[in-house]
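Some notes on the structure that comes next.
The values are calculated or read from the model by the stated rules, or taken from the named source; none is laboratory data. Values in this document were obtained by computation on a predicted structure and should not be read as measured data. Don't worry about glycine lacking a Cβ; one is built from the backbone with ideal geometry, like all the others, and counts go over all protein chains shown.
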Amino acid sequence: MEHFQALILSLIDKYGYGGLFVAMALGNFGAPVGSEVVLTGAGALVATGHLKSLWATIAVAVVGELAGGSVGYAIGRFGGRPFVEKFGKYVRFHHAQLDRVHGFFERWGTGAIFICRFVPVIRGIVAIPAGIAEMNLAAFYTWTFLGSLIFCSFLILLGNELGAHVGVIAPLIHRYSRVALAVAAVAVVAAIVWAVARARRSKPSA
């Protein structure tokens, strides 16, 4: 895995935004790209001048995730469960993961897409079960965009702050950034639930 991530980072270093776009797209329909390390590495490449613009780096990463999510959605929509059963093993996507994501959908509806953007492994395959469920495209792209924007921005900004030192602590980033992002996602969801509940309580009775 580490060697593959190093290869991806070298591609970004060599091909710039094009390499970043391809890496993020691949990571959103099952390839074990390791988005946490790749995004912090991209932020470090901005700090060292290999990528010119911080905001362009964030934009390309988000667009890459949307493109990869589109491919994943199409795979699920037109390939369905038989495709997952036949080929899912090659990207470590089995019935257990499919059932887990389905449970998220049952509990949170289309908003599950947003939550899954912060769940390790699941974030890279969630578009496939969304396609199987024939989720509304507007909802799918809205939640994917919002989740990806937060995820990519946080890690690229972190990598930019760490600069040339990012390679030294990349293993810690890989381990603990997931925790921080998961906590952030839970906090956002809790705030939304609280706001909705408060609005309902304050609504005058008919």
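Using the structure shown, decide if residue 43 is touching a residue at least 60 places away in the same chain (Cβ under 8 Å), surrounded by 20 or more Cβ atoms within 10 Å (Cβ to Cβ) and over 21 Å from residue 161 (Cα atoms). Step through it out loud before you land on a result.
On the way: touching a residue at least 60 places away in the same chain (Cβ under 8 Å): yes; surrounded by 20 or more Cβ atoms within 10 Å (Cβ to Cβ): yes; over 21 Å from residue 161 (Cα atoms): no.
So residue 43 fails the test.
Among the residues making up segment 10-40, a single one is surrounded by fewer than 21 Cβ atoms within 10 Å (Cβ to Cβ) and on the phi > 0 side of the Ramachandran plot: 16. With the structure loaded, tell me whether residue 157 is more than 17 Å from residue 66 (Cα to Cα) and at pLDDT 85 or above or whether it fails that test. Criteria met by residue 157. Residues in segment 14-59 that are in contact with a helix residue (DSSP H, G or I) (Cβ under 6 Å, 6 or more places away or on another chain) and aromatic (Phe, Trp, Tyr): 3 in all.
A quick yes/no check of all residues on (1) modelled with pLDDT under 85; (2) more than 22 Å from residue 80 (Cα to Cα); (3) assigned to a helix (DSSP H, G or I); (4) of a type in the set (Val, Ile, Thr):
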position: 131; (1), (2), (3), (4): no, no, yes, no
position: 149; (1), (2), (3), (4): no, yes, yes, no
position: 167; (1), (2), (3), (4): yes, yes, yes, no
position: 183; (1), (2), (3), (4): yes, yes, yes, yes
